[in-house]
Amino acid sequence: MALDQNDVYNFVGFSILFSAWMVFFLFFSSRLIGFLISFLLNHLVFHRNVLIDIKGIHFAVLRGCISVGEIKISTPNMNFRAVNGYLSIAWWRQWDRDCTTMIL
């Protein structure tokens, strides 16, 4: 049974769209989420006194980790910058200071 030409075009188009979506998701979605979180914090929570800039944030639920690319917090009295930080969360067992036990 031969494939219809429209089916081939649909498959090629879907493959291209899927590949573009995966590239976006893997490489750029953390920056978009970071931008949205920093925009919401700057305009809804902290109005003029505090400036928050989040470059990238990634939520790894199964690992229990929130990874942050870069956070900048600026106030009139203080500047704070964290690069390549992460917050680890432990559930179903006791928290251990050695993070190697948390990675499954």
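The values are calculated or read from the model by the stated rules, or taken from the named source; none is laboratory data. Since the model is a prediction, treat every value here as computed from it, not as a measurement. Cβ coordinates were reconstructed from backbone atoms using ideal geometry, including for glycine residues, and neighbour counts include every protein chain displayed. Just so you know, the surface numbers come from the protein's heavy atoms only, side chains and all, with ligands and any DNA or RNA stripped out. Shrake-Rupley method; radii C 1.70, N 1.55, O 1.52, S 1.80 Å.
Considering only residues that are touching a residue at least 24 places away in the same chain (Cβ under 8 Å) and more than 20 Å from PHE28 (Cβ to Cβ), which ones fall in the range 66-83?
Of everything in the range 66-83, those that are touching a residue at least 24 places away in the same chain (Cβ under 8 Å) and more than 20 Å from PHE28 (Cβ to Cβ) turn out to be SER74, THR75, PRO76.
Can you tell me which residue is surrounded by the most Cβ atoms within 10 Å (Cβ to Cβ) among those in the range 50-74 that are β-branched (Val, Ile, Thr) and within 17 Å of SER88 (Cα to Cα)?
ILE57
Please work out if HIS47 is modelled with pLDDT of 85 or more and open to solvent by 70 Å² or more (accessible area, probe 1.4 Å).
no
Could you tell me how many of the residues in the range 11-32 are closer than 26 Å to ARG81 by Cα and either open to solvent by less than 70 Å² (accessible area, probe 1.4 Å) or of a type in the set (Asp, Glu) (or both)?
2
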